[in-house]
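The structure appears below as structure tokens.
The values are calculated or read from the model by the stated rules, or taken from the named source; none is laboratory data. Predicted model, so just to flag it, every value in this text is computed and none were measured. Cβ sites come from the backbone with ideal geometry, for glycine too, and all protein chains shown count toward neighbours. Remember, those area values only see protein heavy atoms, side chains included, never the ligands or the DNA or RNA. Shrake-Rupley method; radii C 1.70, N 1.55, O 1.52, S 1.80 Å.
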Amino acid sequence: MHPARPVPHKAMKILLPDKSCRDAGPGPVTVEVLLADLGFDPVDVIVSRNGTLVTEDAVVGNDDEIRIIRIAHGG
């Protein structure tokens, strides 16, 4: 019998408003903490996880694809 190999954790794929991409640790982490770590104010952006909008208290991690979209303010 072969010894069990550890299953590698995939990093989160983060798509930033400037269209660049970044990998983050496997998590889990809340969207609020993730935004703070990346230097985004939650008032200025919306976040989707795997194509679905999520709130600041949503937990993300592992192989999630996170998209951060800047909100246009003005009048």
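Looking only at the stretch 47-75, count every residue that is of a type in the set (A, V, I, L, M), without any contact (Cβ under 8 Å) to a residue 40 or more places away in the chain and open to solvent by less than 70 Å² (accessible area, probe 1.4 Å) and tell me the total.
Counting residues in the stretch 47-75 that are of a type in the set (A, V, I, L, M), without any contact (Cβ under 8 Å) to a residue 40 or more places away in the chain and open to solvent by less than 70 Å² (accessible area, probe 1.4 Å) gives 4.
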**Prompt:** Do we have any residue at all in the stretch 38-46 that's of a type in the set (Gly, Ala, Ser) and surrounded by 13 or more Cβ atoms within 10 Å (Cβ to Cβ)?
**Reply:** no
Taking the stretch 39-50 and keeping residues not aliphatic (A, V, I, L, M) and not in a loop (DSSP other than H, G, I, E, B) leaves SER48, ARG49
Restricted to the stretch 51-75 and to residues being farther than 18 Å from PRO17 by Cβ and in a loop (DSSP other than H, G, I, E, B), the residue modelled with the lowest pLDDT is GLY75
Checked the stretch 13-34 for anything surrounded by 15 or more Cβ atoms within 10 Å (Cβ to Cβ) and either in contact with a His (Cβ under 9 Å, 6 or more places away or on another chain) or at positive phi (or both); matches are PRO26, GLY27
